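This report refers to the structure that appears directly beneath it.
Read-outs: derived from the displayed coordinates by stated rules, not from any lab. From a predicted model like this one, the values you see are computed outputs, not experimental measurements. Here the Cβ positions follow ideal geometry from the backbone for every residue, glycine too, while neighbour counts run over all protein chains shown.
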Amino acid sequence: MDDEQLAGQQPENIDEAIAYMQKTLRLFHERHDRRAVFLRLYYIMTLEVHAAINGLGAYKGQTVFLDPPWVERLSGKFASLYFRSLDTFRRNPSDDVERAWKIAYKVVRDKSSTVVQDALLGMNAHINYDLARAIASNLDPEELDDHPTLQRRKFDHDQVNNLLLRTLGRVQEVLAQDYGPGIAFADRLLGQFDERLSETGLRYYRERVWWDALTFAAAAANGRDDVVRDKLNWESYKVALFLCDKWWLWVPERVLGLPWSVLGTRNWERITLEDFGGVDGPSGTPINVLR
């Protein structure tokens, strides 16, 4: 499959999103495509949301969301925007469109980034550029004047935030194990600082996204959603520039991971993907990318 075909994967719900993610990760691993780094992070987080919706793993017997079908649909719309981004250079050659995604994919293509940098650049583009648009498309226009319904939607949005925070430790372990051992050594140097920084950033940006989503939906009703989209494009671009310009942030990871980079000991084709159940499992039978 080429990027245009990958971009054509447009899931309608969370189950389809997970299936497309698995297929795409297998392909990325077979090709040693570093876009796998962010997608693996996104995949693990999506599995956690799926576990909460379906009462799997640690969520057995629990009700997490007020409207699970709404979250299922949102997960599909959100993932659709991710897959669509994979074809950004062909669809939108201009550097002024989908700027954060273009930066994220350019550094991957040029092999000028670290694993953590790839992960954060992907998170920035997908949250700060895509998420508000996904939420807006998942809101019925009539809901904008329905305060009780919007409160329920906001509650479920915040519940997803809490789920994502639970995955950060596991995500870090997986990225270090399968893509960049230097992460683990750098983490020991930083102690809990990087985890706290990630939690604070995730909470802040996803909270801001909610209000951007309401504005986007309201503006779309008047045909002016392009103004909001331009704002999201610019803001996510500025964060991407920060992540690329502050080269000194990635020095520990580069230096400590150098032996593994030189030796190339990790065989991406034998990486095993997580199955359903969330970070606390039981995860069931692992999915091997060679199947």
Subset of Lys77/Lys231; Lys106/Lys231; Lys77/Lys111 violating a 24 Å alpha-carbon distance limit
Lys77/Lys111
Please give the net charge around Ile44, taking every other residue with its beta carbon less than 14 angstrom from that of Ile44, where Lys and Arg add +1 and Asp and Glu add -1.
-3
Taking r as the C-beta separation of Asp145 and Asp96 and R0 as 51 Å, the FRET efficiency to the nearest 0.05 is 0.90
Taking the Cα centroid of segment 29-80 and of segment 99-129, what is the distance between the two, rounded to the nearest whole Å?
20
